[in-house]
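Read through the structure below, which is laid out as structure tokens, and then see the notes.
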Amino acid sequence: MPVKNRFAELQSEIVAWRHDLHKHPELMYETHRTSAFVAEKLAEFGCDEITPGIGRTGVVGVIKGKTDTKGRVIGLRADMDALPIHEATGLDYASTVPGAMHACGHDGHTAMLLGAGKYLSETRNFDGTVVLIFQPAEEGGAGGKAMCDDGMMERWNIQEVYGLHNMPGIPVGEFATRPGALMASSDEFVIDVTGVGGHAATPHDTIDTTLVASQIVVSLHSIVSRNVDPLKRVVLTVGTFSTDSTASNVIAHTAKLEGTVRTLDSEYRTEAEGWVRRVAQNTAAAFGAKAEVIWRSGYPVTVNTEQETAYAVEAARAVAATVDAETPPIMPSEDFSYMLEERPGAYIFLGNGDTEMCHHPAYVFDDDAIPLGCSWFAELAERRMPAV
Ligand code: NI
């Protein structure tokens, strides 16, 4: 099945938008130029309503169909922010901002949703309303949550939401998704351990914080292997281990551990917090030391609802020859999860071919994927709200 012809015609224009965005990456909520670019394009297309400033720098665009007999509204979402990475692609349209790069392809997502917006504004061949959602701060800033917290879903009466992400390793021209958990939750912890520092030659006068923290690291690794159902997916990683000792002959007084817990089963998020606290505090106590645990809840599990995943797959099959409707879930996390907590919907991966993985300084978004992504967004709107 082909992509929509209009997107083959529009491809060079959409690619030019993408390269412009790529040259000017912006981090987190600082997507001022990008948001202005998006709003300007939406105005050019004749979008019925353009609202900036949702979720700080997010932009919402509304396109009304030829008719609206049932009050149907679907939301299509793209992310706009870049990463604090120094680009090493050597592309002629590489980042002009040192230390910032569109290394996750959000420039491609934004350009594709704009392309779909242009087509849908031209054709309006649907019965209802399309809400285009452009969010900032996907990379750790919870911009999607900020837009939800601003009342976006209620204000525009959004009934379903859909989003996509390019995926290196999947051939260009293919899609992949699954019903249920697609991406993991991501919570972080910091453990501050305090013992009694001293001279390396007199350990009996100290409580060796390095030893205590080491025991905590080892014991934390019993959580996944001994507390979690072996058929469930949870990963716990201690990423940093530092102490205040500055010399080989000094026993540390304090130590700090930082780590993350990711899971595809939401029930384990709260349990994991309790387990980490118990292990850290009681292990420290066993040695006469103290451990203080700071828990930082991050993105929820990205859960595709069953019916909407079927719609997303149907739309993908209309534009691509190969669609994997049962792809294995992955353990990175995604801010779109907050929107899926508020409304039924689905997230889908769009093949980016044999490139470096996202977040790599030599990652390159494949422009050949653009007509597929645009067509998928447009197909969804037209299939979920068929013209009468
Ligand atoms: Ni991303």
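The values are calculated or read from the model by the stated rules, or taken from the named source; none is laboratory data. Owing to the predicted nature of the structure, the values given are computational and were not obtained by experimental measurement. Note: ideal-geometry Cβ built from the backbone for every residue, glycine included; neighbour counts use all protein chains shown. Please note that ligands, DNA and RNA were not included when accessible areas were found on the heavy atoms of the full protein model with its side chains. Shrake-Rupley method; radii C 1.70, N 1.55, O 1.52, S 1.80 Å.
Summary table below
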read-out: Failed item in (1) touching a His at 6+ places or on another chain (Cβ under 9 Å); (2) small (Gly, Ala, Ser); (3) surrounded by fewer than 19 Cβ atoms within 10 Å (Cβ to Cβ), with Gly90 passing the rest; value: (1)
read-out: Meets criteria (touching a residue at least 24 places away in the same chain (Cβ under 8 Å), under 23 Å from Thr110 (Cα atoms), surrounded by 19 or more Cβ atoms within 10 Å (Cβ to Cβ) and among the polar types (S, T, N, Q)) for Asn166; value: yes
read-out: Selection count where residues are more than 24 Å from Met339 (Cβ to Cβ), small (Gly, Ala, Ser) and surrounded by fewer than 18 Cβ atoms within 10 Å (Cβ to Cβ), scope region 270-307; value: 4
read-out: Flag for Asp244 being under 21 Å from the mean Cα position of the chain (by Cα) and charged (D, E, K, R); value: no
read-out: Answer residue from region 330-361, given it is under 15 Å from Pro168 (Cα atoms) and more than 16 Å from the ligand (Cβ to nearest atom) and is most open to solvent (accessible area, probe 1.4 Å) among those; value: Asp354
read-out: Criterion (buried (at least 24 other Cβ atoms within 10 Å of the Cβ) and either part of a loop (DSSP other than H, G, I, E, B) or within 16 Å of the ligand (Cβ to nearest atom) (or both)) met by exactly one of Gly71, Gly61, Gly108; value: Gly108
read-out: So Leu132, is it more than 16 Å from the ligand (Cβ to nearest atom), closer than 24 Å to Arg72 by Cα and crowded, with 24+ Cβ neighbours inside 10 Å; value: yes
read-out: Every residue from region 318-358 that is polar (S, T, N, Q) and in contact with a strand residue (DSSP E or B) (Cβ under 7 Å, 6 or more places away or on another chain); value: Thr322, Thr327, Ser333, Ser337, Asn352
